[in-house]
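Enquirer: Sharing a structure with you now.
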Amino acid sequence: LNAMGEVEKGLALADSLEKIPAYKSLPEEAWASVIYRKANIFLNQEKMLESSRSYQRAIQLFERQAKPNFSELALCHNNLGYVQDILGFQNSSKQSYYRALEIWKTSYLEDFSNISAVLNNLIFAELDYGNLEAAKDLIQFFERYVSKIKTSFDLSDREEFDIEMFLLLNLTRYHVAANNNRQIDQILTRAERILFKAPKSSFNEKWAVLAAMYELAGF
């Protein structure tokens, strides 16, 4: 329901579950996934405070479980980081992103999309904070990660293209912040070569990434 945009129905369904007699005897931690999904609904409604509280509660309940759903727990941390950033708590936001990254690094190396997204969030946050050293460490991990998954996993052309463009965007951000102009030119050339060889559908989706790289370089 949430994915289809029927957020009010999704929220009503989640709330109604707690009224079902058979579910009342469940331990509190059994509701972690439901509360996580309620947090997603609040996020879609742009109710950031309610969303933040629900993600934090879901995390507490997941961590009380003997065998938590680590994928959902990582998404809780990642989404909480996004909400905290909007609410103005940048340090807390970074901590949440780092927790999400640690879970994905440990258990879900094949989750290319989410790992790329949280690295993107973290690199942007560290550069915005002025911490070039931390951003450099993340960039180097990102480069090693891309090299590793190319040899360890059977990536589709689309997956390889998406993660390469994410990496190049963040390399541009880092080298702009570090005033490494020669590296910026090399990265732009590499991005142009990859993008203009891509299928039309991929080009149409990712040309804005290259445009953002041009804008950074122009700045």
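None of the figures in this text is laboratory data; all of them are computed from the coordinates on show. Predicted model only: the values in this text are computed from it and were never measured. Glycine gets a Cβ as well: all are built from the backbone with ideal geometry, and neighbour counts include every protein chain shown.
Enquirer: Any idea what the relative contact order of region 1-85 is, in percent, if you count C-alpha pairs under 8 Å spaced at least 6 apart?
Expert: Values: 75 pairs, mean separation 22.4, N = 85.
Once divided by the residue count of region 1-85, the mean separation gives 26 percent.
Enquirer: Charges on Cβ only, +1 for Lys and Arg, -1 for Asp and Glu, centred on the Cα centroid of the chain; of 170, 79, 5, which one is farthest towards the dipole's positive end?
Expert: The listed residue farthest towards the positive side: 79.
Enquirer: Counting other Cβ atoms within 10 Å, which trypsin sites (Lys or Arg not before Pro) in region 1-82 have at most 13 and lie in a DSSP loop? Before the final figure, lay out the partial values.
Expert: Working: sites: 9, 19, 24, 37, 38, 47, 53, 57, 64; in loops: 19, 24, 47.
Here the sparse-neighbourhood loop sites are 19, 24.
Enquirer: May I pose another question? Per-residue HN-Hα couplings for region 114-119, Karplus 6.51 cos²θ - 1.76 cosθ + 1.60 at θ = phi - 60°, whole Hz, x for Gly and Pro?
Expert: 6, 5, 4, 5, 6, 5
Enquirer: Something else now. Between residue 186 and residue 133, 0.36 nm times their residue separation minus their Cα-Cα distance comes to what? Walk me through the numbers before you get to the answer.
Expert: Numbers: separation 53, 0.36 × 53 = 19.08 nm, distance 2.14 nm.
Length gained between residue 186 and residue 133: 16.9 nm.
Enquirer: For region 197-212, just list the computed ³J(HN,Hα) in residue order, Karplus coefficients 6.51, -1.76 and 1.60, θ = phi - 60°, integers in Hz, with x standing in for Gly and Pro.
Expert: Taking θ as phi minus 60°, the curve returns 9, 6, x, 4, 5, 5, 4, 4, 7, 10, 4, 5, 5, 5, 4, 5 Hz for region 197-212.
Enquirer: Roughly speaking, what is the stretch gain from residue 69 to residue 110, that is 0.36 nm per residue apart minus the C-alpha to C-alpha distance, in nm to one decimal?
Expert: 13.2 nm
Enquirer: Checking a compactness column here: for region 28-121, what do you get for Rg(Cα) / (2.2 N^0.38 Å), N being the number of residues?
Expert: Taking N as the residue count of region 28-121, the ratio is 1.00.
Enquirer: Now a separate question. With Cα extents along the principal axes in Å in mind, check (i) 103, 56, 30; (ii) 65, 36, 32; (iii) 76, 48, 22 and report the label derived from this structure.
Expert: (ii)
Enquirer: Who wins for biggest fluctuation among 151, 189, 172 in a Gaussian network model of the chain, springs between alpha carbons below 10 Å?
Expert: So, out of 151, 189, 172, the one fluctuating most is 151.
Enquirer: Turning to a different aspect of this structure: Using only Cα atoms, locate the centre of region 173-207 and the centre of region 50-81, then give the distance between them in Å, rounded to an integer.
Expert: Region 173-207 and region 50-81 have Cα centres spaced 35 Å from each other.
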